[in-house]
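Each remark here refers to the structure printed beneath this line.
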C-alpha cells in the first residue's frame, strides 16, 4: 500500500507541475481518495482493536506473568499499525491538497 500510494502521489504531483489536468483526472482522483479513506478507516479500526487488546494484556499480565510475552507482541504490532496509520492519514490529507490544486488549475483553464 505504501508503494502504491507513494507512486500515485508522485504521478499527481507530476501532472500538477505540468498543469496538465483534466476533469477525468479530478474524477479519478476523487475515486482514489475514497479508496484510500476506506483503507485508512480499516487501519484505524484495527489499530483501536490492538490498543484495546494491549490494554487487556496489561491487566491480565498483572495476574499472570507469562502473559507478558503476548503483551510485548501486541505492543510491537500496535507500533507498526500506528506507524502505518499515520502514513495513510498524512498522505490522504495530502491528496486533499492535491485535489484543491487540481480544481484551481481547472478553474483557471476554463476562464
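Since every read-out is calculated from the coordinates, none of them should be taken as a lab result. From a predicted model like this one, the values you see are computed outputs, not experimental measurements. So basically every Cβ, Gly included, is an ideal-geometry build from the backbone, and we count neighbours across all protein chains shown.
Quick notes
- Qualifying residue in the range 99-111 (condition: closer than 15 Å to residue 9 by Cβ and surrounded by fewer than 14 Cβ atoms within 10 Å (Cβ to Cβ)): yes
- Among the residues listed as 70, 106, 59, the single one being in contact (Cβ under 8 Å) with a residue 60 or more places away in the chain, farther than 27 Å from residue 3 by Cβ and assigned to a helix (DSSP H, G or I): 106
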